[in-house]
Every structure is written in C-alpha cells, then in structure tokens.
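Here's the structure, in structure tokens; my notes come after.
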Amino acid sequence: MAVIFFLNNFSTLPFSRALPTWETFYDSNCQITIKHPYTTDKISQSGGSAFEIGIAKDISDPDSISMTVGGTCLPDSMPITKEMYNLTLTSLKNNYERIIHEDGSFNTTGPGGEIKNFISIAGLIGGSDLLKGNSILTSVKNNMTYIIKLNATGEDGNSGFINNYKYFEDNILGSLNFNN
C-alpha cells in the first residue's frame, strides 16, 4: 500500500539534473577557499586580487539558475560604516520591480573572529517573470577586506527561485574559509 502511495504521489516530480558536486576553489592571492557547485563552472582570475566563477543555467532543468560568484580582497582593513551599508542596500533595491526576499546583517562576528556585513535581495526585474538575486558579503579579518558578490537570474521553476537561490547562497557563502 505504501509503495502505491509513493508511486501515485511522487512519480510525477521532476528530476533535477542540477545536483551540485561542490567543488573547492582556492584563491592564492586572497588566501581564501570557497565552494562552487559544479565541475563545469568557469573560473577566471585577474592575476591580481579578484576572481569570478560563472555558473551556467542548464536550459533542460526548470530549477537551474545562472549565477556568478565574484570575489576580491583589499590589503587594508576597510571598516564598513552603517551609511555605506544602507547606500549599498538602497542601490540594490533600485534594480528591482518588486522585492520578494530581503535579508541582511551589519557588523556581526564570524566563526573565525572576522567582522561581517551581509545583504541579500531577490525579486522580479523588468516586466517579465525573470527573477534576480544579489548578495554581498564584506568581511574584515587580519587587516584584509574581502568582498564576495553573488548575482543570479532564473525563473521560478518547480522548486521556486528564492528556494534555489538561498540554497546556493547558504552553501557558497557558508563555505568561505580564510586561510591567512
């Protein structure tokens, strides 16, 4: 009886091809490691203190989103003021027709003693069903300032864009490790 219930209720769920393998990227200039979802992600480094990871949308998967993860480090401790935080938040909000999700924290202490500021916004852009997510994490540790940005676009799919975006955001930003 339980098998029939399972087959009747779950056999129509779509199979997502976008199962992440969570690859580790090490940036020797910034002395950080961060995880990204797929072996096929495109990584570029500026030769200086910046990198970008491009995550392509799989058009055959309705839950797939395209995303970039950008990172940079500055060799100075640059404290983020509340005014800078609010200006960044306002600037991000201006890019959206309708905001569906907003999250943030100011001057929190991370597990390694780093000071962190975080902003995350997601919502509708333009006059279409296209959704966008932006997250910015700034962190100050050992007289270095780190800036990590996530930008994503996609549709609601089967699982919902916000759910998918938050999943990637939590895993990518949660994997950030300072090696200095």
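Read through the labelled values (i) 0.94; (ii) 1.03; (iii) 0.98 and report the label of the one computed as Rg/Rh (Cα atoms, Kirkwood Rh) from the structure.
(ii)
For the chain, please report how many Lys pairs fall under 13 Å Cα to Cα, leaving out neighbours fewer than 8 apart on the same chain. Walk me through the intermediate numbers first.
Values: 42/57; 82/116; 93/132; 116/141; 132/166.
Final tally of qualifying lysine pairs is 5.
Pick from 46, 135, 66: which residue has the top mean-square fluctuation in a GNM of the chain where Cα pairs under 10 Å get a spring?
Judging by the Gaussian network model, the answer is 46.
Would you mind computing, in nm to one decimal, how far apart the modelled labels at residue 66 and residue 42 are, each placed 7 Å from Cα along Cα→Cβ?
Result: 0.9 nm between the two label points.
For residue 28 and residue 156, what is the calculated FRET efficiency with R₀ set at 41 Å and r taken between the beta-carbons, to the nearest 0.05?
So, using R0 = 41 Å, E works out to roughly 0.60.
Give me the net charge of residue 143's neighbourhood, meaning all other residues with Cβ under 14 Å from the Cβ of residue 143; Lys, Arg count +1, Asp, Glu -1.
Values: positive: 141; negative: 76, 114.
Surrounding charge for residue 143 is -1.
Ranked highest first by the average count of other Cβ atoms within 10 Å around their residues, in what order do 90-100, 140-150, 121-131 fall?
On the way: 90-100: 12.6, 140-150: 18.2, 121-131: 15.2.
Top of the packing list down: 140-150, 121-131, 90-100.
Which one of 82, 35, 116 has the biggest mean-square fluctuation once the chain is modelled by GNM with Cα springs under 10 Å?
82
Using a Förster distance of 35 angstrom, determine the FRET efficiency expected from the C-beta separation of residue 124 and residue 81, and round it to 0.05.
Values: r = 30 Å, r/R0 = 0.87.
The pair residue 124/residue 81 has a calculated efficiency of 0.70.
Tell me, what ³J(HN,Hα) does each residue in the range 55-60 have, in order and in whole Hz, if you take phi through Karplus 6.51 cos²θ - 1.76 cosθ + 1.60 with θ = phi - 60° and put x for Gly and Pro?
Those phi angles translate into 10, 7, 6, 8, 5, 7 Hz.
Which net charge results when you count Lys and Arg as +1 and Asp and Glu as -1 among the other residues whose beta-carbon is under 14 Å from that of residue 126?
Values: positive: 98, 132; negative: 97, 129, 155.
Cβ neighbours under 14 Å give a net charge of -1.
Stokes-Einstein D for the range 78-129 at 25 °C, 0.890 mPa s, Kirkwood Rh over Cα pairs, in µm²/s?
Values: Rh = 12.4 Å.
D, rounded to a whole number, is 198 µm²/s.
How charged is the neighbourhood of residue 107? Take every other residue with its Cβ under 9 Å from the Cβ of residue 107, and add Lys/Arg as +1 and Asp/Glu as -1.
After counting each charged neighbour, the total is +2.
Throughout, read-outs are computed from the coordinates displayed, never taken from laboratory work. Keep in mind it's a predicted model, so treat the numbers as computed, not measured. Neighbour counts run over all protein chains shown; Cβ positions are idealised from the backbone, glycine included.
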